[in-house]
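The values are calculated or read from the model by the stated rules, or taken from the named source; none is laboratory data. Please read all numbers here as calculations on a predicted model, not as lab measurements. Every residue, glycine among them, receives a Cβ derived from its backbone with ideal geometry; neighbour counts consider all protein chains shown. Areas reflect the complete protein model, heavy atoms only, side chains present, ligands, DNA and RNA absent. Shrake-Rupley method; radii C 1.70, N 1.55, O 1.52, S 1.80 Å.
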Amino acid sequence: MIQIKELSHHFELGKKGQKTILPVLKGITMEVGKGEIVSVVGKSGSGKSTLLNLISGFIRPTEGEIRIDSELVSDLSEAKFADFRLEHIGFIFQSFQLIPSMTAYQNIELPLTLKGEDEKKRKEIVNRILEKVGLEDFQDHYPSELSGGQQQRVSIARALVLEPTLILADEPTGSLDSETEAEILEIIQKLNRELGITFLIITHDEEVAQIGNRTISIKDGRIMEGVTAV
Ligand SMILES: Nc1ncnc2c1ncn2[C@@H]1O[C@H](COP(=O)(O)OP(=O)(O)O)[C@@H](O)[C@H]1O
Ligand SMILES: [Mg+2]
């Protein structure tokens, strides 16, 4: 599903003439197989979010290759990458990133609206997914009227409506208490089992990492070989 070869990334800091280079990822080679849940663990600042942003195409690597579903995405133009993302990838963020002025239903429906699906089809898909994440009774609530766990379920539902084969999650339970965290992790496992969706989950929490079939540890921008994070 994902193949990463010799991936390096640095950020340039400071103004012209006084630039400093901050190397963040240093030769990452890794694979995620179809249908796997893979966790990436590492301390804050180790480069996890940068890795996810590179896989998502939000930033471009300084060096190296990223393939998703055999497509060399690191070579795609910005517009092509945007299309590819819409077709293949769903996202879950620590901060939910819901639109506050829209109800749960409308937030979930939004990707379908943007894609131009008609109302009947949108309704059918949203209702099916509301049930999958157990939110039927909360569809008319605004994000401010939902608990953290419910908001994260809305954001998971939104990630599902375009039927991604891959979901990238950056600290998906980072804003939740431990009980709600367990609920969200269960949903992730269920979606993996029932829909075969591949998950790459970034976390600094070793307990969260345990839901993965495999854990990859990153330290200072490098993969720690032969080290189990847990
Ligand atoms: N856009 C950016 N510009 C400059 N430095 C950045 C940027 N994004 C991240 N960094 C730096 O890269 C390093 C790794 O950050 P990040 O990938 O967010 O780590 P993690 O997610 O593991 O906490 C940090 O030192 C961070 O300050
Ligand atoms: Mg991060």
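The share of Cα pairs per 10 Å bin across segment 1-104, counted from zero up to the longest distance, runs 12, 40, 33, 13, 2 percent. Projecting the Cα atoms of Ser95, Leu13, Gln106 onto the charge dipole of segment 1-122, computed from C-beta unit charges around the Cα centre, puts Leu13 farthest toward the positive end. The alpha-carbon of Lys121 sits under 26 angstrom from the alpha-carbons of these lysines, leaving out residues fewer than 8 places away in its chain: Lys80, Lys132, Lys190. Each peptide in 207-220, 136-149 was scored by the mean count of other Cβ atoms within 10 Å over its residues; highest first, the order is 207-220, 136-149.
Applied to segment 72-87, the Karplus parametrisation 6.51 cos²θ - 1.76 cosθ + 1.60 on θ = phi - 60° returns per-residue 3J(HN,Hα) values of 6, 5, 5, 9, 6, 5, 4, 5, 5, 5, 4, 4, 4, 4, 4, 6 Hz, with x for Gly and Pro. The amide H of Ser217, built 1.01 Å from its N in the peptide plane, has Val41, Met224 as neighbours under 5 Å, considering only residues 5 or more places off or on other chains. If only the Cβ of Lys and Arg carry +1 and only the Cβ of Asp and Glu carry -1, the dipole of segment 146-230 around its Cα centre is close to 340 debye. GNM on the chain, alpha-carbon springs under 10 angstrom: the most fluctuating residue among Leu98, Leu76, Leu25 is Leu76.
Under a Gaussian network description of the chain, with springs only between Cα atoms under 10 Å, the residue in Leu110, Leu54, Leu168 that fluctuates furthest is Leu110.
Angle between the Cα long axis of helix 178-195 and the longest principal axis of the chain, 0 to 90 degrees, nearest 10? The angle comes out near 90 degrees. Proximity of backbone amide H atoms, modeled 1.01 Å from N, is registered between Leu7 and Gly27, Ile28, Thr29, Glu65 at under 5 Å, excluding neighbours fewer than 5 places apart on the same chain.
Work out the length of the dipole vector of the chain about its Cα centre, built from +1 on the beta-carbon of each Lys and Arg and -1 on the beta-carbon of each Asp and Glu, and round it to the nearest 20 debye.
On the way: 26 positive and 36 negative charges, 169 e Å.
For the chain, the charge dipole is close to 820 debye.
Rg/Rh, computed from the Cα trace of the chain with Rh as the Kirkwood radius, has the value 0.98.
Taking a ≥ b ≥ c as the square roots of the eigenvalues of the alpha carbon gyration tensor, segment 100-230 is prolate, as a/c is not under 1.5 and a/b beats b/c. Ranking Met30, Met224 from most to least accessible surface, computed with a 1.4 Å probe over the protein chains only, gives Met224, Met30. Go ahead and set up a Gaussian network model of the chain, Cα springs under 10 Å, then flag whichever of Lys48, Lys115, Lys15 fluctuates most. Maximum among the listed residues: Lys15. Helix-only arithmetic for the chain: the sum of -39500 (n - 2.57) across DSSP H runs with n ≥ 4, divided by the residue total, places the mean residue ellipticity at 222 nm at -11000 deg cm²/dmol.
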